[in-house]
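The next block holds one structure in the form of structure tokens; read it before the comments.
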Amino acid sequence: MVLLLLAIVCLSHIASLASAKHLVNGMVGLEGHVPRQHEVARFLSRPVQATNFSSSDTAQRLRASRAADVHKGFVHAWNAYRKYAFGADEINPLTLEPVTTRNGWGASLIDALDTLHVMGLDDEFKEASERVSSVNFGKNDGEPSKVFETNIRYIGGLISAYELSGDRMFLRQATSLADIMLEAFDTSTGIPWQMWDIQTGRGSSETGPSTLNNLAEIGSYQLEFFRLSQLTHDPAYHKAAQRVFDVVLDRNVPRKGSAYSVPGLYPIFLDIKTGKFINGKPNLGGGSDSFYEYLIKTWALSGFQLQRNLDMWKESMKGIKKYILSRGSDGRLYMGIGDDGGLDSISDTFTSFFPGTLALASRLLNDNETLSIAQELVDTCHNTFSRMPTNIGPENFGYLPDGDDDYDLLSSQRSEIKKYGFYVDHPHYLMRPEVIESIFYLYRITGNEMYAEWNWKIWEGIKANCAVDGGFAGLRDVRLGREGGLIGKQESFVFSETFKYIYLTFAGDDVMSLDDYVFSTEGHPFKRSIPFNGTF
């Protein structure tokens, strides 16, 4: 019903686009065309979620009991944060000390808002809201702000809290912080600084005064800034985010033998002063991941009006399928690092977001081949968890490409490949959500209960190995569990993503339906029902 109403509202405005004097940034595709009315109508009417979820009493009772168990785990972590570190960015779950990691504005507090709301924790949400209302984003801990993290955790969390609650305080706070962060986009190219010092009004790179930034940290503003422009009727945010695409596309032409050699398969690092890529072999992991994620998700959030986003996604997919995806010696499909210059068979947990995004795209575009690829990839990601005795996977892992010899591998790596199908590179786990997230997407999109079982096993592993008095700690070695040692780290995404995606796996398919919401890279749900008619 929501999709039908959205289609009616949006289509009533589409006819005006042809006569509009100025099209919103991003609406003109790579080939110079704008969204076609009949195509938009088809996209709007196409469901994302499956309808074949088991409705038996037994299945519903099981899902309810599991959702309640995850809810209990969240409340345990939240109560520890509330008692020992309320208003701080994080809590050290081992020492019970508050930790400042994101400028002291309360990253966990704001990142958790929509999860509190979704879980029906009304008193906790009200208490958190009161604390958020007093946050002054014009002051911080004195350290430069990482602009990308500020956007996805703070601005995204505030926008989502506003959409869910209707409390305009959240929108005012989101706008206040976004206005500060917009200053980081005031560069010669419009590509933002990686770090921004709100005290001095100066930008920098994370590693110093250079003008270096990475793909994910220049291209992951599109979703939040588009929605903020919608809500405030101020196009400045959307224009700033889309300007990045303008420059990247204009100043980088793929050329064989150069850093950027495959169309749509972008290197990791670029210079914000020139807008040109420098180095960093293309991949789907840290430093690149959410750039690709936001291409398809922002297109969907715009009511399928941002044609350039779709065209860029399709172009990127061609390169990804040809150069990033490869078979391992175990027959599974992996995501490596590569371009036409060769493949590095190493992967990290960040890449595990991709099967979920791919499954979403497959439904939006009615592409069963892409869904099959997503299913193969999520099986590989899950395998890195299920093969560990803890049911929890490592931060980084490597694999042996099918047909390659293993002469340059260590004996320990050969041994693990024979045992697991992959070898463990970085064995720690920091409660990251990406595997859980993709499994959630595949469950909601296919209705296959196997995926729900996978997430339940992971949750059991987390409870057994990571639960402590102060919440949930990290593991030093997923092969050893608690015996290998715990890490006193609980990032804000544990509240915004890890708990949310496990909970939503069991909370009922009508709770945060993928037909009604688009989730940000930080797990913040944005409503698809807000129409976009080509203007702000």
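Each label point was placed 7 Å from the Cα along the Cα-to-Cβ direction; for R327 and K126 their separation is 6.0 nm. Potential lengthening of the chain between R482 and D510 amounts to 6.4 nm, from the contour at 0.36 nm per residue minus the alpha-carbon distance.
Over the range 12-136, all Cα pairs binned in 10 Å intervals from 0 give whole-percent P(r) values of 10, 24, 16, 19, 24, 6, 0, listed from short to long.
Using the 1.4 Å probe convention, the accessible area of the range 172-296 works out to 36 Å² per residue with neighbouring protein chains retained. For the range 230-258 versus the range 411-448, the inter-centroid distance based on Cα atoms is 33 Å. Rg/Rh, computed from the Cα trace of the range 410-536 with Rh as the Kirkwood radius, has the value 1.07. Ranked by the mean number of other Cβ atoms within 10 Å of their residues, highest first, the peptides 261-270, 33-42, 105-114 come out as 105-114, 261-270, 33-42. Among the listed values (i) 1.00; (ii) 1.46; (iii) 0.93, the one matching Cα Rg over 2.2 N^0.38 Å as calculated from this structure is (iii).
Across the accessible surface of the range 259-341, with the other protein chains kept in place and a 1.4 Å probe, carbon and sulfur atoms take up 51 percent.
Of the peptides 354-364, 49-59, 368-378, the order by per-residue mean of other Cβ atoms within 10 Å, starting with the highest, comes out as 354-364, 368-378, 49-59. What FRET efficiency comes out for the pair E31/T95, r = Cβ-Cβ distance, R0 = 41 Å, nearest 0.05? My answer for the efficiency is 0.15. Once the Cα-Cα distance is subtracted from the 0.36 nm per residue extended length, the I530 to H426 segment shows a gain of 33.2 nm.
Please give me the summed charge of the neighbours of N140: other residues whose Cβ is under 12 Å from its Cβ, Lys and Arg +1, Asp and Glu -1. Cβ neighbours under 12 Å give a net charge of -1. Pair-distance distribution P(r) for the range 442-493, from all Cα-Cα distances in 10 Å bins starting at 0: 24, 40, 26, 10 percent.
Semi-axes of the equivalent ellipsoid for the range 247-339, computed as √(5λ) from the eigenvalues of its C-alpha gyration tensor and ordered from largest down, come to 22, 19, 11 Å. Residues whose amide H lies under 5 Å from that of R528, counting only those 5 or more places away or on a different chain, are Y517, V518; hydrogens are built 1.01 Å from N in the peptide plane. Only helices enter this figure: runs of n ≥ 4 DSSP H residues, each worth -39500 (n - 2.57), summed and divided by the residues of the chain, yield -13500 deg cm²/dmol at 222 nm to the nearest 500.
Tell me, what is the per residue accessible area of the range 380-423 in Å², probe radius 1.4 Å?
46
Let me see the pair-distance distribution of the range 307-451: every alpha carbon pair, 10 Å bin width, integer percents in order. Using 10 Å bins, I get a P(r) of 11, 41, 35, 12, 1 for the range 307-451. Simple spin-label estimate for R46 and S188 gives 4.2 nm between the two label positions (7 Å along the Cα-to-Cβ direction from each Cα). Cross-link pairs exceeding 19 Å between alpha carbons, from the set K256/K281; K281/K419; K281/K321; K83/K139; K139/K527: K281/K419; K83/K139; K139/K527.
The values are calculated or read from the model by the stated rules, or taken from the named source; none is laboratory data. Here the structure is a predicted model, which means the values were calculated and not measured. With ideal geometry, Cβ positions are generated from the backbone for all residues, glycine too; neighbour counts draw on all protein chains shown. These accessible areas exclude ligands, DNA and RNA; they are computed on the full protein's heavy atoms, side chains included. Shrake-Rupley method; radii C 1.70, N 1.55, O 1.52, S 1.80 Å.
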